[in-house]
Structure formats: structure tokens, C-alpha cells
Amino acid sequence: SPTKPCVRVPCPDFDEERLEAYGICLTAGNLANDAYPEATANMIRLLMRAHDHAMNARLIALMVARSTGATTIGGQTDDSAAPRIFNAAALAATDYRARYGMALEDTLEIVIPAWVREVIRADMAWKAGIDLTEVSNAEIDAKFTVRNVRPQWVDDWQVRGASQFGNSSAMTAWPTTVDFLLYAAGTFLHGQGLSLDLGVVRDSVLNETNDHTAAWSEEAHLIARVGHESRRYTVPFNVKGNSGAASPEAEARV
């Protein structure tokens, strides 16, 4: 037909994201603080670090909730960790770019637990015939960037649960699976709202019990997904350093 098809600009739907408020409050005794001020100072430091971890875990959880359900990337049961993880990232990125018509060299973001670096390092250290006992973080990152994937190594995700790092039971073996998120840069926005830090507060109510507020703060955050899609993948692996089987010609040369 000589008539060109004409596409109308669609009226977009609106998704609402609301700020979530996070706060801390620490009460200290006047007499205890006078006798042992170092105990109060140490408690404030511990509280602030715990708050940072809790906030980080919550923001990552919001990103996970706004991603697709986990898709398992298969392979052979004896695949070793390093090549399995690198190849999973490359496969996922290639599929994502093709889905949205992106340029072949466009860099995608991958969010992955920081302990995976040690998994990759341990797996490469097992490889026969190559001294890879010292593999730098830069070398590991380069394996991703050469595939046009930028890794974001995060804490407070896939930790402290059953059979995970940071649990009350000591780990005695490397994990055998990990989840990661993959998306185009700019897919997520981190919004911020009010931020209050009252510091030390003394009031009539606490004065009656010879106490005071040693720390009090509140802040608001949100995570909004504004891009096409964030995908979540699951990758099984084994830390064993296997290499691919050598060809008969290569074995003859050995």
C-alpha cells in the first residue's frame, strides 16, 4: 500500500512510588554516660553501622522487588564457578540488548553480591597449570567489562540467611548458587526526601528518669524503576577450577 502506517504517541500510564521513612533512636542513662562515656560512644557507632546495613539491604530489596522473577541459567553440572558466572552475565546481557534493540556494545549494569569475587578467585586458584592464586579485583572486574557489563558489588544481599555468609553457623563450603540483577543504566532512580538529625536531646520526660536521647535521626528514600526492565537471574556453580577438555591434538602436544 502507498499509505504509510502512522503511529500515535501513546498516553503513558503512571506508577506511584512513595517515600519510606527510616529512623533510629538511642536512649542513654546520664549516670552511665558520665561513668562510661566510651560505652555510649561505641553504642552509637554500632547503631549507625547497623542502620547503614539495614538501609542498604532495604534499598536492594526494593530493586529486587521491581525486577522480574528469577530465571535460572543452565549449564553442565560440573561447570566451574568462574566461567559459569562470566558466561551467564554475557548470555543475559546479549539477550537483554537484543530484546530492546540496543547497540551491541552498550554497557549494562549487573548487581551481584560482593562475596562472588571470592568465589571466582577461589575457582581460578584451582585451575591446573596456571598460577592464579593471586587474582586481583581489577582482573575479575575486567572479565565482566570486556563483555560490556559493569559489575556493582554489593553487601547485605544473599547473606546472613541459612547456609549463607554471616549466619550464626560458620560457613564450611562455598555456596553453589547466586542471584544477580541485570538492567540498562538509568533503569532505577534513588529518590530522597527529608533528613532529620536531632543529635543529643534532653527533655522533661527523660529528665525524670535521669536519661537522655543520645542519638535520633530520620530519613526518607524510595526506589523507582523508570526503564524498560530489570531482570533477575540465578546461576548454579561449583568451586572446582575445571577447564574444558583438551582436544586429542592438544593432548598429543603435551
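Applying the selection to the stretch 197-238, what residues are more than 21 Å from the chain's Cα centre (by Cα) and either part of a helix (DSSP H, G or I) or farther than 25 Å from Asn42 by Cα (or both)?
Ser204, Val205, Leu206, Asn207, Glu208
In the stretch 115-135, what residues are part of a loop (DSSP other than H, G, I, E, B) and either open to solvent by 50 Å² or more (accessible area, probe 1.4 Å) or touching a Lys or Arg at 6+ places or on another chain (Cβ under 9 Å) (or both)?
Start the filter on the stretch 115-135 by keeping residues that are part of a loop (DSSP other than H, G, I, E, B), which leaves 115, 126-135.
Selection gives Trp126, Ala128, Gly129, Ile130, Asp131, Leu132, Thr133, Glu134, Val135.
Taking only pairs six or more apart or across chains, which ones have beta-carbon atoms under 9 Å, a first residue in the stretch 26-46 that is touching a residue at least 60 places away in the same chain (Cβ under 8 Å), and a second residue that is loosely packed, with under 14 Cβ neighbours inside 10 Å and part of a helix (DSSP H, G or I)?
Ala28/Ala39; Asn30/Asn207; Asn33/Ala39; Thr40/Ala32
For the stretch 69-83, check the following and say yes or no: at least one residue is part of a helix (DSSP H, G or I) and in contact (Cβ under 8 Å) with a residue 12 or more places away in the chain.
yes
Which residues, counting only those in the stretch 206-236, are closer than 30 Å to Ala90 by Cβ and of a type in the set (A, V, I, L, M, F, W, C)?
Residues satisfying the conditions are Ile223, Ala224, Val226, Val235.
Considering only the stretch 9-33, how many residues are surrounded by 14 or more Cβ atoms within 10 Å (Cβ to Cβ) and not aromatic (Phe, Trp, Tyr)?
Residues flagged as surrounded by 14 or more Cβ atoms within 10 Å (Cβ to Cβ) and not aromatic (Phe, Trp, Tyr) within the stretch 9-33 amount to 8.
Within the stretch 45-56, identify whether any single residue is of a type outside the set (S, T, N, Q), at pLDDT below 95 and open to solvent by less than 50 Å² (accessible area, probe 1.4 Å), and answer yes or no. Steps first, answer last, please.
Filtering the stretch 45-56 for residues of a type outside the set (S, T, N, Q) gives 45-55.
Now narrow it down to the ones that are at pLDDT below 95: none.
Within the stretch 45-56 (the criterion being of a type outside the set (S, T, N, Q), at pLDDT below 95 and open to solvent by less than 50 Å² (accessible area, probe 1.4 Å)), the answer is no, since none of the residues qualifies.
Does Pro151 fit the bill of being outside any helix (DSSP H, G or I), within 20 Å of Thr234 (Cβ to Cβ) and at pLDDT 95 or above?
yes
Does Ile112 qualify as being over 24 Å from Met55 (Cα atoms), touching a Phe, Trp or Tyr at 6+ places or on another chain (Cβ under 8 Å) and not in a loop (DSSP other than H, G, I, E, B)?
no
Looking at the stretch 168-179, is at least one residue surrounded by fewer than 12 Cβ atoms within 10 Å (Cβ to Cβ) and closer than 30 Å to Glu17 by Cβ?
Looking for residues that are surrounded by fewer than 12 Cβ atoms within 10 Å (Cβ to Cβ) and closer than 30 Å to Glu17 by Cβ, one finds none in the stretch 168-179, hence no.
Kindly establish whether Trp157 is assigned to a loop (DSSP other than H, G, I, E, B) and modelled with pLDDT of 95 or more.
The answer is yes for Trp157.
The values are calculated or read from the model by the stated rules, or taken from the named source; none is laboratory data. Predicted model only: the values in this text are computed from it and were never measured. Neighbour counts are summed over all protein chains in view; Cβ atoms, including those assigned to glycine, are modelled from backbone coordinates with ideal geometry. Surface areas here come from the heavy atoms of the whole protein model, side chains and all, with no ligands, DNA or RNA. Shrake-Rupley method; radii C 1.70, N 1.55, O 1.52, S 1.80 Å.
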